[in-house]
Each structure stands twice: as structure tokens, then as C-alpha cells.
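Chemist: Mind having a look at this structure? Questions to follow.
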Amino acid sequence: MAVTHKIGRRKTSVARVYLSEGKGDFTINGKDYKVYFPTEVLQYKIAQPFQLTETLGQYDIKVNVYGGGVTGQAEAIRLAVSRALVSLNEENRTILKPEGLLTRDPRMVERKKFGQKKARKRFQFSKR
């Protein structure tokens, strides 16, 4: 089997996932995923597509991820892994789509506007 390459994004995080058949090695930026994401919640988010499709431990995953924070990176990896699993087996789409794992979350930080303190907050108004 050839290596499957997919990209996932969330906020300002970009994750490139390389999926190949193997024994379940999961490396993120050269580190084991449990070292890179020490909390249980983030580890669950990354493993969620594999648990739903019952393919845990069947693929070797190599991830390059940059930008954003830890939650954004974890969700970007989850989207990329979901896309890779669908490209390998089209039946996975019916499992992952209802869970919302194939939807790119469009929410981004709103830009700061000139003449204002932040995106929506104004400078203090003084009448006199």
C-alpha cells in the first residue's frame, strides 16, 4: 500500500498526515503522540477516527503539524486522519460524517480593526 497524504486545518493550525499500513506507530513532529499531547482529552480527539472505524493499530501515522495551540493542532490532526481514512475506504465516510469529523471548522480569530482597541472592543469614549 502506498502512503496516503492528507491535510487538516483548524484555526491557524495546519496538520499534514502520512498514513501507511503498519503496526500502529503514531508520531507527531518526531515525537510519540502521548508525549506531544500529554492530556487524555487531546489523545482521545486524535484517536477518535480510528476508534469509530475500528482501525486502531492497523496504520502507521506520521504527522507534521504547526501553528496555533494544542487544541487546534489536535483537531487539525483529527480532520486530516479522518480524510485519510475515507480516501482508503469510502465506507468510512458513512461512519465519520454523522460525527462531524469530516467538517472543516471555519471559526477563526476576527482581525483587529483600526481605530479600535481589539476586534470589537472600542477605546473608552469621553464625552467631555
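Chemist: Please report the antiparallel percentage of the DSSP beta bridges confined to the chain, to the nearest 5.
Modeler: Approximately 85 percent, going by the DSSP bridge assignments.
Chemist: Angle check, please: helix 70-88 long axis (alpha carbons) against the longest principal axis of the chain (alpha carbons), in degrees 0 to 90, nearest 10.
Modeler: Its long axis makes an angle of about 40 degrees.
Chemist: What is the Cα coordinate range of segment 5-78 on the first, second and third principal axes, sorted by size from largest, in whole angstrom?
Modeler: 30, 25, 22
Chemist: Related question: Percent of alpha carbon pairs in the chain separated by more than 20 Å?
Modeler: Here the long-distance tail beyond 20 Å is 47 percent of all Cα pairs in the chain.
Chemist: Size of the dipole of segment 56-128 about the Cα centre, Lys and Arg at +1 and Asp and Glu at -1 on the beta carbon, nothing else charged, in debye to 20?
Modeler: In total the dipole reaches around 1300 debye.
Bear in mind that the values in this text are calculations on the coordinates, not laboratory data. Computed from a prediction, not measured in an experiment: that's the story for all the values here. Note that each Cβ is placed from the backbone with ideal geometry, even for glycine, and that neighbours are counted across all protein chains shown.
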